Amino acid sequence: MASEEIYCSNGIIKMELNVIETNEKAISLYQKNGFAVEGVLKKDKRLSDGNFYNTIVMGRLNPNN
């Protein structure tokens, strides 16, 4: 189901997601699908390597609103 169908069939106004900064492929995919970076949560995730990483907050408004 395309995101436009999800918006219409469920009355959704905005979709939001969080992705870790190291997941560049996912960030690129989300941007290609209309998501924009809305903010950054600084050093909020600690991974198994012991380092802290930023979380990218992304969002996309319903194009029909």
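What follows is calculated from the coordinates using simple rules that are stated; it is not laboratory data. Since we're looking at a predicted model, the values are computed, not measured. With ideal geometry, Cβ positions are generated from the backbone for all residues, glycine too; neighbour counts draw on all protein chains shown.
I need the phi-derived Karplus couplings for the stretch 47-64: 6.51 cos²θ - 1.76 cosθ + 1.60, θ = phi - 60°, integer Hz, Gly and Pro marked x.
Once rounded to whole Hz, the list reads 9, 4, 7, x, 8, 9, 10, 7, 9, 8, 9, 10, x, 8, 7, 4, x, 8.
Relative contact order for the stretch 3-61: what percent, with Cα pairs under 8 Å and sequence separation of 6 or more? Don't skip to the end; give the middle numbers.
Numbers: 81 pairs, mean separation 24.1, N = 59.
Once normalised by length, the contact order is 41 percent.
Please list, short to long, the whole-number percent of alpha-carbon pairs of the stretch 3-61 in consecutive 10 angstrom bins beginning at zero.
Pairs per bin, as whole percents: 22, 44, 25, 9, 1.
For a Förster distance of 22 Å, can you work out the FRET efficiency between the beta-carbons of T55 and K32, rounded to the nearest 0.05?
Calculated value: 0.65.
Read phi for every residue in the stretch 35-46 and hand back ³J(HN,Hα) as whole Hz from Karplus 6.51 cos²θ - 1.76 cosθ + 1.60, θ = phi - 60°, with x for Gly and Pro.
7, 10, 5, 10, x, 9, 9, 6, 6, 9, 10, 10
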